[in-house]
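Written below as structure tokens is the structure these notes are about.
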Amino acid sequence: MRELLADVTRPFVRQDRRVRALDLTGKDRDLLLGLTDPCFAICGVTNSRLQKVLGSSGWAAGRTQKQLSARLSRHLTLLRQHGLLRKQPNQRSYLLTDKGRSITTALAALLAASTQQLTEKAA
């Protein structure tokens, strides 16, 4: 698990710009869990579809539709820079990469597991 998550939990520099690390259990958790929705595997990820999935979560609380759309655009760029998403050609949608699928699935399993289950697996 450590090796899988190590890449995205560290900041790096790309084209002279710093790219922040993902906070898997903090501010980016709801977004990453939202990406585990099966409809994204079929149709791809779009800003509007993500708005519908995340609209009732704390991630979108207190924001207008315009603010939420802008926040999602910034985070889609962040996920692309980390290699979790790739843009589909000539479309406004993205697909999860293998790395993105692995990380979102692992995060969902990690958060769903109890402390006892994690302790048993670690031993």
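Coordinate-derived values only; no laboratory data. These figures come from a predicted structure and were not determined experimentally. All Cβ positions, glycine included, derive from the backbone under ideal geometry; neighbour counts span all protein chains shown.
Things to note:
- Each helix, a run of at least 4 DSSP H residues, gives -39500 (n - 2.57); summed and divided by the residues of the chain, these come to -15000 deg cm²/dmol at 222 nm.
- If you run the Gaussian network model on the chain, springs between alpha carbon atoms under 10 Å, then out of 63, 92, 14 the most flexible one is 14.
- ³J(HN,Hα), Karplus 6.51/-1.76/1.60, whole Hz, each residue of the stretch 87-98, x for Gly, Pro: 6, 7, x, 6, 9, 9, 9, 10, 10, 5, 7, 4
- Close Lys pairs in the stretch 2-122 (alpha-carbon distance under 25 Å; sequence gap of 8 or more, or different chains): 10.
- Nonlocal amide H pairs with residue 88, under 5 Å, H built at 1.01 Å: 93, 94, 95
- Alpha-carbon Debye profile of the stretch 2-122, log10 I(q)/I(0) at 0.13, 0.14, 0.15, 0.22 Å⁻¹: -0.54, -0.62, -0.71, -1.41
- Among 108, 21, 61, residue whose mean-square fluctuation peaks in a GNM of the chain (springs only between Cα atoms under 10 Å): 61
- Within a Gaussian network of the chain (alpha carbon springs, distance under 10 Å), most fluctuating of 81, 67, 91: 91
- Listed values for the stretch 56-69 are Karplus-derived 3J(HN,Hα) couplings in whole Hz (6.51 cos²θ - 1.76 cosθ + 1.60, θ = phi - 60°), namely 9, 8, x, 5, 10, 4, x, 10, 6, 4, 5, 5, 5, 4, and x replaces Gly and Pro.
- Each Lys and Arg contributes +1 and each Asp and Glu -1, all at the Cβ; summed about the Cα centre of the stretch 74-123, the dipole is approximately 380 debye.
- Built amide H within the under 5 Å cut-off of residue 37, gap 5+: none
- Scalar couplings 3J(HN,Hα) for the stretch 43-51, obtained by applying the Karplus form with A = 6.51, B = -1.76, C = 1.60 to θ = phi - 60°, are 9, x, 9, 10, 4, 5, 5, 5, 4 Hz; x denotes Gly and Pro.
- Check: the stretch 11-123 dipole with +1 on Lys, Arg Cβ and -1 on Asp, Glu Cβ, in debye: 560
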